[in-house]
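The values are calculated or read from the model by the stated rules, or taken from the named source; none is laboratory data. Predicted, not measured: the structure shown is a model, and the values here were computed from it. We place every Cβ from the backbone using ideal geometry, glycine too, and count neighbours over all the protein chains shown.
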Amino acid sequence: MSGGLRDFPLALAAPDGAVETIGTDLVELALDASRRSPRGRIIQPLHRTQDDALHRMLNAVQPGSYVRPHRHVDPPKAESFVVLRGAIRFVTFSGDGQVDRCLTARAGGEVFGIDVVPGVYHCFYALEPDTLVFEVKPGPYTRATDKDFALWAPAEGTDAAHGYFDALVRQTME
């Protein structure tokens, strides 16, 4: 991973109060950070600690941000995505890396959210600038086991990732 990716946080600070409002100020903070991030995205946690039983977060994503295909198996975790602003292309894969399904979710659209069961390889990418996704999945978060990255998909921040992502976008455009 390049130095720029390592030097920028993956997530903003978690709230510390008993009640957190989700409004324009919080959204703009996350979107601004995603624009500055070398990854083109940032998480704004809404859960208070990594040990919380339910993780709720805003994922601010810019077009061109590569989310490496992964699944959640250890422990098995379902995941839900609701698009609050912009649009995403959500892709699922077979175990050998073939595209299985390709779905579009758009804020205010007929399809605006996606729920995926544990064990399904998936990723998504933003179709519009300043896309904002509300994500929910079980906690706690353990970095070593949270995601089982697909071995057939290159690691984020590598030269191979750019070519893979470009090919994936071309393959999954409607």
- [ ] Go through the stretch 25-45 and count every residue that is within 30 Å of V169 (Cβ to Cβ) and without any contact (Cβ under 8 Å) to a residue 12 or more places away in the chain.
- [x] 2
Open item on the list: Just to be sure I understand the filter: pairs with C-beta atoms under 7 Å, separated by 6 or more residues or on different chains, first member in the stretch 152-174 and surrounded by fewer than 16 Cβ atoms within 10 Å (Cβ to Cβ), second member part of a helix (DSSP H, G or I). Which pairs pass?
Closed with: A155/A161
Open item on the list: Just checking, does the stretch 79-92 include any residue being exposed (fewer than 15 other Cβ atoms within 10 Å of the Cβ), over 27 Å from G163 (Cα atoms) and of a type in the set (V, I, T)?
Closed with: no
Open item on the list: Which residue is nearest to Q98 (Cα to Cα), if the candidates are limited to the stretch 125-174 and must be of a type in the set (A, V, I, L, M) and part of a strand (DSSP E or B)?
Closed with: A126
- [ ] Could you tell me which of the residues R85, R106, R48 is in contact with a Phe, Trp or Tyr (Cβ under 7 Å, 6 or more places away or on another chain), charged (D, E, K, R), free of Cβ contacts under 8 Å to residues at least 60 places away in the same chain and under 27 Å from E20 (Cα atoms)?
- [x] R106
TODO: Would you mind telling me which numbered condition in (1) in contact (Cβ under 8 Å) with a residue 40 or more places away in the chain; (2) assigned to a strand (DSSP E or B); (3) of a type outside the set (V, I, T); (4) in contact with a Leu (Cβ under 8 Å, 6 or more places away or on another chain) H122 fails?
DONE: (4)
Open item on the list: Quick check on T92: is it touching a strand residue (DSSP E or B) at 6+ places or on another chain (Cβ under 9 Å) and at pLDDT below 95?
Closed with: no
Task: Which numbered condition D130 misses (of (1) surrounded by fewer than 17 Cβ atoms within 10 Å (Cβ to Cβ); (2) touching a Lys or Arg at 6+ places or on another chain (Cβ under 8 Å); (3) among the acidic types (D, E)) - done: (1)
- [ ] Looking only at the stretch 131-138, decide whether some residue is more than 13 Å from the chain's Cα centre (by Cα) and over 21 Å from P9 (Cβ atoms).
- [x] yes
Task: 2 or more residues touching a Gly at 6+ places or on another chain (Cβ under 7 Å) and either farther than 16 Å from Y125 by Cβ or among the β-branched types (V, I, T) (or both): qualifying strands (runs of 3 or more DSSP E) within the stretch 1-113 - done: 54-61, 79-85
- [ ] Considering only residues that are among the small types (G, A, S) and surrounded by 16 or more Cβ atoms within 10 Å (Cβ to Cβ), look in the stretch 134-151 and name the one that is modelled with the lowest pLDDT.
- [x] G139
TODO: Answer yes if at least one residue in the stretch 154-174 is among the β-branched types (V, I, T), touching a Lys or Arg at 6+ places or on another chain (Cβ under 9 Å) and within 20 Å of R41 (Cβ to Cβ), and no otherwise.
DONE: yes
